[in-house]
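The values are calculated or read from the model by the stated rules, or taken from the named source; none is laboratory data. In this text the structure is predicted, and so the values were computed from the model without any measurement. Counting neighbours? That spans all protein chains shown, and the Cβs are built from the backbone with ideal geometry, glycine included. With ligands, DNA and RNA removed, areas are computed over all heavy atoms of the protein, side chains included. Shrake-Rupley method; radii C 1.70, N 1.55, O 1.52, S 1.80 Å.
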Amino acid sequence: MELILDLEGLNSRLVSDEIGTRYQGFSFSSAEIASGEAILELNFWVIEREIGVKRENLLAAIVWHVQHHPAYYAISNYVMHCHEAWPE
């Protein structure tokens with residue numbers, strides 16, 4: 001999407017159609033923003049809507065989800081094992 005926005009801008013028909021289909025209710029804050037900022041706006045909008053996390057609480061939400069993932073403790077234990085086996 002970012003490549004298309006770089007080429008065609010926020011008025012890209014392809015991007016508009018896809019956003020309209022997948023993310024009903026979303027709109028960019030301005031027609032003058034850069035493609036990278038447009039992607040960030042869409043990402044934060046989806047996260048807030050789908051996960052229910054405000055932008056300022058995003059890091060805390062990610063940490064919580066990582067720590068509650070089934071693989072977290074296995075990876076954590078493996079890291080501790082590696083530190084014990086190779087202390088330097």
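Being among the aliphatic types (A, V, I, L, M), modelled with pLDDT of 90 or more, assigned to a helix (DSSP H, G or I) and open to solvent by less than 90 Å² (accessible area, probe 1.4 Å) is the filter here, so list the residues in segment 66-87 that pass it. Those that are among the aliphatic types (A, V, I, L, M), modelled with pLDDT of 90 or more, assigned to a helix (DSSP H, G or I) and open to solvent by less than 90 Å² (accessible area, probe 1.4 Å): Ala74, Val79, Ala85. Taken together, the criteria place Ala60 among residues that are among the hydrophobic types (A, V, I, L, M, F, W, C) and assigned to a helix (DSSP H, G or I).
Looking at segment 1-24 only, could you name the residues that are open to solvent by 70 Å² or more (accessible area, probe 1.4 Å) and not in a helix (DSSP H, G or I)? Of everything in segment 1-24, those that are open to solvent by 70 Å² or more (accessible area, probe 1.4 Å) and not in a helix (DSSP H, G or I) turn out to be Met1, Asn11, Gln24. The one condition from (1) exposed (fewer than 14 other Cβ atoms within 10 Å of the Cβ); (2) in a helix (DSSP H, G or I); (3) of a type in the set (A, V, I, L, M) that Ala31 does not meet is (2).
Restricting attention to segment 34-64 and to residues that are farther than 27 Å from Thr21 by Cβ and open to solvent by 100 Å² or more (accessible area, probe 1.4 Å), the residue that is nearest to the chain's Cα centre (by Cα) turns out to be Leu59.
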